[in-house]
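Have a look at the structure below before the remarks.
The values are calculated or read from the model by the stated rules, or taken from the named source; none is laboratory data. Note that the structure is a prediction, hence the values are computed from the model and not measured. Glycine also receives a Cβ, built like all others from the backbone with ideal geometry; neighbour counts cover every protein chain displayed.
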Amino acid sequence: MKNMAEALDVTAEEYHDIFGTSDEEDADIDFEGSDIEVQQIDSDEELEDEAEESNNEDNAADAIDEQTAWSNELSDFVISQFNNQCGIKVDVPPESKSDFFFNLIFSDELIDLIVRETNRYARQKLAGNNTRLAKWNDATRQEVKAYLGICIVMGINNLPRLAMYWSSDPLIGNTGIQNIMTKNRFEELSQYLHFSNSETEPQRDEENFDRLYKVRSLLSGVLENSQKAYEPSKNISIDEGMIAFKGRLSFRQYLPAKPTKYGIKVWMAADSKNGYVNNFSVYLGKEVNVPRANGLGYDVVMKMASPFLKKHRHIFFDNFFTSTKLMEDLLAQDTYACGTVRSNRKDLPPCAKNKLKQGEKVSAQRGKIIFTKWHDKRDVSFLSTNVLPSEPSRLVPRKKNGRNIQIEKPRVADVYTADMGGVDRTNQLRSFYFAGYSSRKWYRYIFWFLFNLSVCNSFILESVYRTNQGERKRPMINFRLDLAKQLINGFSQRKRKRRSQEALNQPVAREEHISVHVQGRKRKCVQCIQAGRRTAKGYKVETRFECSLCKVALCRTCHNEYHAQA
């Protein structure tokens, strides 16, 4: 649990709002922030993009005249105020429940899309098997919602194997799930879960070919709804997220330095204040026909920041993205930025190569761009346009050779640490109580990413609303449980319901009970089990007869004996 808190710089109150509290958590969590990390190049494709970007920056550096050269003399400049209205952009009715906020992101139109394409895909796959096709029952909106609610419950009550949720063992099986849907129906919906019409999918040699066609409608819908529901605050962080996937896929990434080494990479822009994701894009790898004049990092930031430009917002990103060219172009769009930068980037001041001792720093300025290099446990460099050079440093405690010392920490390091964690916060929220399951189909992994992202965004919306109303935010586990119940909404696919133990214990008149034959598999006789009777081979006695009123499996010879004891 300690590692969970250390992965993100959050306060104790924020952590407990998200994950709840317990005595064990209180005794084990350390809320001190971690040091600024230097990101490594993640894949061969990014390495190639780095080489291209370096060449482009090298050519641009030759064109710099004396007026735009770096200077060691620092001067303040004007930073325009951010005055946009932030927060929830829709009217929230009083006493709104979890499903209201969820529907803002994952709307009923998207549920209907899943229902329509799942039924279409099932009939396409079963077209050659008339027996199975005749047994297929079309899914409905209520059933798919219940299915998704079950998946949320499974994310909270995690078991090693899917079949264990339907176990008859009272210590393992989940009777709530069992009463909602049979195991066979759940597996049937999982098998045919689909999000597009495969018959109209463009082929690779066609002009409108789309590698994300199978989930394009869902991607566009969730993204559009997320942007309509919430206006982010001044500070926005841009970073990557990973969808774990080890199957064969042309745009699967290998990141040896990351906890999730294989998977699908997603670029995300999130509100630094709470982790709400307002923009995202699936990375499809190096594309031959897409020129990158300024490198991959530049293109990603400009794309992710596009909804937020010209509003005096502050954008934060790490050293994979940062370049002087990016800072200049964002500034030209009335957008400020701050990011760590690799000291071997082109177009940096000469002091970027300086070797520093602990606590030392060097700075340079070019227009409104400030370069700062500081040595803490290691060298870390920044480029910023949102921190004035006159803003004071602060003293922070450190240890050197076993002695306690204090060193100066520049203001830009505090600003970066405070506001860079938006996407990290989102990734942490997604990792807890994950709803979904493994599959051979890559597009289902993207679907579960979108579904869990919708749950996280809706949780943040509810937290913002409750805070505005002067109420305390709920732990995320409570939000998910309520959402699951509201999605299920009393749905039950079972035709025959089990009789409660209270009903079994009530005395009844014998003449109201009749032994009847039922279709389907044999069931174990309840009276034989109570009496300890077994077959000649030692198996429990099974029967196809039951009581018409009690719905209890009983041999014809045990029928009267059972009701005489009732």
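Listed by first and then second residue, the pairs with beta-carbon distance under 6 Å, at least 6 apart or on different chains, first residue in region 547-560 and under 13 Å from residue 523 (Cα atoms), second modelled with pLDDT of 85 or more and assigned to a loop (DSSP other than H, G, I, E, B), are 547/554; 553/525; 554/525; 555/525. Tell me, please, whether a residue that is more than 22 Å from residue 116 (Cβ to Cβ) and out of contact with any strand residue (DSSP E or B) (no Cβ under 6 Å at 6 or more places or on another chain) can be found in region 131-145. Yes, that holds for at least one residue.
With respect to residue 186, determine if the residue is at pLDDT 95 or above, more than 21 Å from the chain's Cα centre (by Cα) and buried (at least 16 other Cβ atoms within 10 Å of the Cβ). It is true that residue 186 is at pLDDT 95 or above, more than 21 Å from the chain's Cα centre (by Cα) and buried (at least 16 other Cβ atoms within 10 Å of the Cβ). Restricting 388, 429, 453 to residues that are in contact with a Cys (Cβ under 6 Å, 6 or more places away or on another chain) and in contact (Cβ under 8 Å) with a residue 60 or more places away in the chain narrows the list to 429. Does residue 384 count as surrounded by fewer than 22 Cβ atoms within 10 Å (Cβ to Cβ) and among the polar types (S, T, N, Q)? In short, no. Selection of strands (runs of 3 or more DSSP E) fully inside region 336-440 by the criterion of at least 2 residues being over 37 Å from the mean Cα position of the chain (by Cα) returns 361-366, 394-400, 403-409.
Only one residue in 466, 444, 474 is buried (at least 16 other Cβ atoms within 10 Å of the Cβ), in a helix (DSSP H, G or I) and either at pLDDT 90 or above or over 22 Å from the mean Cα position of the chain (by Cα) (or both). Which one? Break it down into steps so the answer makes sense when it comes.
Numbers: 466 fails: buried (at least 16 other Cβ atoms within 10 Å of the Cβ); 474 fails: in a helix (DSSP H, G or I).
None of the others qualify; the one that does is 444.
Taking region 97-185 as the region of interest, the helices (runs of 4 or more DSSP H) fully inside it that hold 2 or more residues being of a type in the set (Val, Ile, Thr) and over 27 Å from residue 227 (Cα atoms) are 141-156, 175-180. For region 463-478, the criterion of being out of contact with any strand residue (DSSP E or B) (no Cβ under 9 Å at 6 or more places or on another chain) and of a type in the set (Phe, Trp, Tyr) is satisfied by no residue at all. Check region 285-296 and report whether any residue there is within 22 Å of the chain's Cα centre (by Cα) and of a type outside the set (Val, Ile, Thr). For region 285-296, residues within 22 Å of the chain's Cα centre (by Cα) and of a type outside the set (Val, Ile, Thr): present.
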